[in-house]
Amino acid sequence: MEKCSLMLTAPPLVVLLLTALTPGDADPQRLPSNLTTSPTPKTAEAAAGARPAAGGRTEQKQEQHLDCPPLGLESLRVDDSQIRASSSQRSGLGPHRGRLNIQSGIEDGDLYDGAWCAEFKDRQQWLEVDAVHPTLFTGVILQGRNSIWSWDWVETYKVQLSNDSERWQTCMNGTTEMIFQGNRDPETSVLGLLPVPTVARYIRINPQSWFSNGTICLRAEVLGCRVQDPADRFEHDPLSKDDLDFRHHSYMEMRKLMKSVREECPNITRIYTIGRSYMGLKLYVMEFSDNPGKHELGEPEFRYVAGMHGNEALGRELLLNLMQFLCKEFLKGNQRVVRLVTETRIHLFPSMNPDGYEAAYEKGSELAGWADGRYNFEGIDLNHNFPDLNNIMWDAQEKAADASKVPNHYIPIPEYYTQEDATVAPETRAVINWMQEIPFVLSANLHGGELVVTYPFDCTRDWAPQENTPTADDTFFRWLASVYASTHLVLSNPDRRVCHYEDFQTHNNIINGGAWHTVPGSMNDFSYLHTNCLEVTVELSCDKFPHASELPTEWENNKESLLVYMEQVHRGIKGVVRDKVSKQGIADAIIKVQGHDHDVRSAADGDFWRLLNPGEYKVVVWAKDYFPSMRRCRVGMEPHPTVCDFTLTKIPAQRLKEIQAKGGRIPQDQQLRVRALRLRKLRASTKAINRRREKQQQLETRRASRTRGSVKN
Ligand SMILES: [Zn+2]
């Protein structure tokens, strides 16, 4: 029987923890004979192979204990076959559902319920995880059942360990069996640290008491470091061959990393800000281009946006990885990257909601739960905060005698949205400005918590909760979504299991946003109806905030998808609309593709991009005071655009006079004027709000310093 004296060989941190957790406990800890206590710290770290979890300002001891990563119940790295239970109420509440943060469907009683629930209400129930390898177990994270209809959680529990799944030893706290504190509500994740980290292969969670009106239900994660087997002499491949900074970055760390990339690749990068968050954090964008800082004629603009929901942290890290990757590979002369950076202006916006992220980061990757940090500081969901242009367009179509005459693009922001008291987040205001300033062609909006790529419309017609609501560009959107999904290593794996309760594999891992669930005011829909930019949403992983140790694998899962998706900006047709005489580019010319009820406009220099699938198209270009022009343009299968330039002839002044004399009116681009006007109003109200907030902050600072002063006096 190994005694607690073994603790002396434990890392100082563990000893410290023990004293912290069990003050004055001098009794030797009884340990099962078939188990051993902590190995040397070196082994533990090597076994973990991971950097510290995002701990932010959490207590030092907790952070250090989380050095051992989660086994992966949440991330699905732990397979269903590794989880067993004493009993379960039914298969939808089976042990495989006992995973941290798993979400249930709308209805209880289906195959995908929100926890493992035991059949019996007694203290003999357990959920068992087989780590497969000898593992230094350090803790358990517990959560109640996710359900709209039922309230169930476990209030206290014991932990048991075993090497053979037959003889079990209960975790001790001194001479008594350790009782861990579990949950008090269904959603908050609660960490239970083992008083002594212990090596074993199997771990059991054994509920002792539970919510009195409920049954025994739980979702869990287990923390543990894999202990290296001395017999295993084969060196493991690194999880990623790319030498990138794989960890979670706080706001300050993100800024530092972006700066270092900028210093490493000064000729192809630029950092700029598009505004500030509610709490005043700058919204940073990193630009990649062979001519950073300016739009080049004919060169398409691409953007990736991440972190709109602050707790969906993977997208942010992937974009930080992508920055480092593009810089390093460009310097190495990687032809694919050189071509991409030379021919495209790329904008990477890693953190649209930095306030939300900081809140989730402070709790850490395992304890942030499902919703902490999703919203901005004011509690606004940014993906519902863009003006709903869908219903404006659809209403106009319904009222119009000829629906085909109703504008199908560049829909102006509605008046109410530009008011000072409109509920519009500063983050949303900043992004709308940015979208109008740069002629973006293609974008993806990176989210997390599922594995699927969705495409517009996100908002359904007639307020249906769920309905396929295609755009005029449905086939191209489906292509875009498929490009990402079919190259993503997990999404494209036919043997993967569903994240929560929806099986997107039956849809080839892509789905129309409205067909999934309606979202009025989404960024994708706004981007499509207000600008030329096509945007899809990528749900990157089942786990919204994967542990840092998962990041190299996640980078590998997404690397090809991130690159190949950007390359899609070079499809369809592109060209320049020019004046026949002056050869000057014509801005705001309307590019109409026959059979497509969605037009695009030329940018300030007259250049335009129209993403299209292969085929033959009749394209008509209109511009104010010019005769329209028509061309046939053929788009091939090759991954580069067909150049389709247009030269327009001005309507002579004499002819204009004739038209006016006949009582005809030269059509003014009313829509464009309203669009510009409303943006100006939105900017003005943003400025007023910012000024007010600044004054408020100054006042508070002054008040605070006065208070400090009075204390001193
Ligand atoms: Zn999201």
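The values are calculated or read from the model by the stated rules, or taken from the named source; none is laboratory data. Quick caveat: nothing in here was measured; it's all calculated off a predicted structure. Every residue, glycine among them, receives a Cβ derived from its backbone with ideal geometry; neighbour counts consider all protein chains shown. Surface accessibility is based on the protein's heavy atoms, side chains included, excluding ligands, DNA and RNA. Shrake-Rupley method; radii C 1.70, N 1.55, O 1.52, S 1.80 Å.
Applying a DSSP loop filter and a limit of 14 other Cβ atoms within 10 Å to the chymotrypsin sites (Phe, Trp or Tyr not before Pro) in region 74-163 leaves Phe120, Trp149, Trp151.
Solvent-accessible area of Thr175, all protein chains in place: 90 Å² (probe radius 1.4 Å, heavy atoms, ligands and nucleic acids excluded). Under the combined filter of DSSP loop state and at most 16 neighbouring Cβ atoms within 10 Å, region 249-345 retains these trypsin sites (Lys or Arg not before Pro): Lys294.
Let me check against my output: what whole-number percent is the relative contact order of region 573-650, with C-alpha pairs under 8 Å and at least 6 apart?
Values: 186 pairs, mean separation 28.2, N = 78.
Once divided by the residue count of region 573-650, the mean separation gives 36 percent.
Here the spin labels are modelled as points 7 Å beyond Cα on the Cα-Cβ line, and at His517 and Val498 they lie 1.4 nm apart.
Taking the Cα centre of the chain as reference, the dipole from Cβ charges on Lys and Arg (+1) and Asp and Glu (-1) amounts to some 3100 debye.
Using the alpha-carbon positions of the chain, Rg (one decimal) and Dmax (whole number) come out as 29.0, 107 Å.
Which whole-number value in Å² is the accessible area per residue of the chain, probe 1.4 Å?
Numbers: 31240 Å² over 713 residues.
With the other protein chains kept in place, the chain gives 44 Å² per residue.
With R₀ fixed at 51 Å, the C-beta to C-beta distance from Asp242 to Lys624 puts the FRET efficiency at about 0.55.
Sorting 380-386, 631-637 by their mean Cβ neighbour count within 10 Å, with the most densely packed peptide first, gives 380-386, 631-637.
The lysines whose alpha-carbon is closer than 24 Å to the alpha-carbon of Lys399, local same-chain residues fewer than 8 away aside, are Lys592.
To the nearest 0.05, what FRET efficiency results for Arg691 and Ala396 with a Förster distance of 30 Å applied to their C-beta separation?
Values: r = 35 Å, r/R0 = 1.18.
The value I calculate is 0.25.
Residues in region 115-143, backbone N under 12 Å from the label point at Glu177 (7 Å along the Cα-to-beta-carbon vector): list them, ranges by number please. 123-126, by backbone N distance to the label point.
Checking every one of the trypsin sites (Lys or Arg not before Pro) in region 535-585 against DSSP loop status and a limit of 14 other Cβ atoms within 10 Å picks out Lys580, Lys583.
Report the relative contact order of region 351-418, percent, no decimals, based on alpha-carbon pairs under 8 angstrom and at least 6 residues apart. Show your work: numbers first, answer last.
Numbers: 42 pairs, mean separation 15.4, N = 68.
Relative CO of region 351-418 lands at 23 percent.
Would you work out which of Ile271, Val564, Asn524 lies farthest towards the positive end of the dipole of the chain? Charges go on Cβ: Lys and Arg +1, Asp and Glu -1. The Cα lying farthest towards the positive end belongs to Ile271. Modelled label positions at Asp290 and Asp164, each set 7 Å beyond Cα in the direction of Cβ, lie 6.8 nm from each other.
Note on Thr156 and Ser482: their simple-model spin labels are 5.8 nm apart, each label 7 Å out from Cα toward Cβ. Taking every C-alpha pair closer than 8 Å and separated by at least 6 residues, the mean separation divided by the residue count of region 251-569 gives a relative contact order of 23 percent. Straight-distance candidates among the lysines for linking to Lys158, with alpha-carbon spacing under 21 Å and chain neighbours fewer than 8 residues away dropped: Lys3, Lys121. So, counting K/R as plus one and D/E as minus one, what does the shell of residues with Cβ under 14 Å around Gly379 add up to? The answer is -4. Restricting attention to the chain, close to 75% of DSSP beta bridges with both partner residues there are antiparallel. Placing unit charges on the Cβ atoms of the charged side chains and taking the dipole of the chain about its Cα centre, the candidate lying farthest along the positive direction among Val674, Thr175, Leu611 is Val674. Per the Debye calculation on region 463-503 with a single equal scatterer at every Cα and no solvent contribution, log₁₀ I(q)/I(0) for q = 0.24 Å⁻¹ amounts to -0.93. Taking GluC sites (Glu not before Pro) as exposed when DSSP calls them loop and at most 10 other C-beta atoms lie within 10 angstrom, the chain has its longest site-free stretch at 236-713.
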